Structures are given as C-alpha cells and as structure tokens.
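Read the structure below first, then the notes.
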Amino acid sequence: MENAHLRMGLLEYERNTEKIASRIRVRVSHYIGEGEDGHLLSIFGNDSDVGAITAAVYEQARFRLTFPGGETQEITLGEGAMCCRGSVSIPGRKQGVRHMIALSEELRGLKSLSRTYVLRPEPNEAWTALVHRFGLPGLPDWAGAMFRILKENGRITPVDSLGCSAVVISATSEELVEWTGKGVAKGDLPFPETNGPIRWSGRMLPESLRSALGPMEKAA
C-alpha cells in the first residue's frame, strides 16, 4: 500500500463557532456522488477526526472533496444519511486507523425505487443488483441481453466516483418486467431446458468489492 495516498481523495470540513475555528482533513478511499449530492463516502483518519466528520454528516454539513487529479467539489450527504464506523488494523502499528462509510438516503433506495447505483458498469453485477432489489423473475444468463437493453434505452449513466467506476441505472420494476417479457417472446431471453431452482452466484458482491478496491491495492 506504499503511496496509496496518491490514489485517494481529501475531504475537508471547516467548523466555525464563537470561540474556535477548526479545519478537519481526512483521506477518502471511495466516493460516489452527483454534483453536490454525495451518496457514498469512505474515509480514514484518527478517532477524533473521523468522529467529527461522522457528526457533521448527520448535521447535513457541507464538505470540500478533492479528487486525486486535483479537481474539487463541494458535497453533502443530505438528510437521512447513515454512517457505519470501524477500525482497520495496520501491520507494524499498535493502533488501528478509524474507518467510516456514509451512505445517503437515495443510495439506500429510500427516496426513489427507479434509481439503482452499482460500483461499475458490469452486466452481471448490474443485473444481479436489479433482480435482487426488485424481486424480478429473471435468470443470471440474461445479464448480457438486459444490460444491452438498458444501454440502448439510455438508462445507464456514469456518476462522479473515486476508487470505483460507479453508474446509476434508471429503470422501474414495471419497465424491467416489460423488457424481459418482450425479450422472452422474441427468444432473446431463453428459459432453462429443465425445471429447478435458479442459482445466483454468492461471490458477486465480494468480487465487485475487490474490483473496486483494486486500484488502491495496486498503489504500491
């Protein structure tokens, strides 16, 4: 992980009160957002800094995010954001590094059921996310064909991201059912030759996370 910081972003938060003015800076490993609306934020730092950023997220504060290339963006996670905190052990160090992941209300699907975020535009991962989210009657083998349909209809849009290649898929369950119905009727989406349970790979999420973390792991 030597020089991994060169692939990370920087998050800054300024807080001014009557008695004191403070500026907090932490490293950002992963980020997903659209303009000023942040949806996923993964940060590392010491206990006090991460605690302050966590409190600021719940206060709907605004932050300044600097991407590895030098671009900057004012962001906020908005109302209803949720934070998860933990520690990361580092070999050779007695004390671990504090880690926090913040998720917006929209990314968690609580604002709109027609927008689904995925870490990268990969057919299997995108189709798996849609099927599991909406409870669609679909097969894993339909991933490639359904992904093409989504692209042809302009439903896959890249979003601001750091540490991944995130996209948002804009489609309702009704639209997806309609497209799968037409695909089955045309023979583009074949049914299995034998009856039986549909098996989805349980490795999809771990593989997706490893792919998203890949750029960070290769920073050495």
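Scanning the stretch 140-193 for residues that are out of contact with any Pro (no Cβ under 9 Å at 6 or more places or on another chain) and of a type in the set (S, T, N, Q) returns Asn153, Thr157, Ser161, Ser170, Thr172, Ser173.
Out of the residues in the stretch 128-165 that are aromatic (Phe, Trp, Tyr) and over 30 Å from Gln73 (Cβ atoms), which is modelled with the lowest pLDDT?
From the stretch 128-165, those aromatic (Phe, Trp, Tyr) are 134, 142, 147; that's our starting set.
Next, only the ones that are over 30 Å from Gln73 (Cβ atoms) stay: 134, 142.
On the way: Phe134: 92, Trp142: 95.
Of everything passing the filter in the stretch 128-165, Phe134 is modelled with the lowest pLDDT.
Here are some residues: Gly92, Gly78, Gly109. Which one is free of Cβ contacts under 8 Å to residues at least 24 places away in the same chain and part of a loop (DSSP other than H, G, I, E, B)? Lay out the reasoning, then the answer.
Details: Gly78 fails: free of Cβ contacts under 8 Å to residues at least 24 places away in the same chain; Gly109 fails: free of Cβ contacts under 8 Å to residues at least 24 places away in the same chain.
Exactly one residue qualifies, and that residue is Gly92.
Scanning the stretch 146-160 for residues that are in contact with a helix residue (DSSP H, G or I) (Cβ under 9 Å, 6 or more places away or on another chain) and buried (at least 17 other Cβ atoms within 10 Å of the Cβ) yields Met146, Phe147, Ile149, Leu150, Arg155, Ile156. Reported count of residues in the stretch 116-133, each being in a helix (DSSP H, G or I) and surrounded by fewer than 18 Cβ atoms within 10 Å (Cβ to Cβ), is 4.
Under 8 Å between Cβ atoms, at least 6 apart or on separate chains: pull out the pairs that start in the stretch 174-199 with a residue that is touching a residue at least 40 places away in the same chain (Cβ under 8 Å) and end on any residue that is of a type in the set (S, T, N, Q). Here the result reads Leu189/Thr180, each pair linking the stretch 174-199 to a residue that is of a type in the set (S, T, N, Q). From the set of residues in the stretch 71-109 that are at pLDDT below 85 and loosely packed, with under 12 Cβ neighbours inside 10 Å, which is nearest to Ala55 (Cα to Cα)? So, considering only residues that are at pLDDT below 85 and loosely packed, with under 12 Cβ neighbours inside 10 Å, the one nearest to Ala55 (Cα to Cα) is Val88. Of the residues Ser48, Ser22, the single one that is in a helix (DSSP H, G or I), at pLDDT below 95 and surrounded by fewer than 19 Cβ atoms within 10 Å (Cβ to Cβ) is Ser48. Scanning the stretch 155-188 for residues that are of a type outside the set (A, V, I, L, M) and under 14 Å from Arg115 (Cβ atoms) gives Arg155, Thr157, Pro158, Ser170, Thr172, Ser173, Glu175. Annotation: Glu12 fulfils all but one of (1) modelled with pLDDT of 95 or more; (2) over 20 Å from the mean Cα position of the chain (by Cα); (3) not in a strand (DSSP E or B); the unmet one is (3).
The values are calculated or read from the model by the stated rules, or taken from the named source; none is laboratory data. All values reported here derive from a predicted model rather than from experimental measurement. We place every Cβ from the backbone using ideal geometry, glycine too, and count neighbours over all the protein chains shown.
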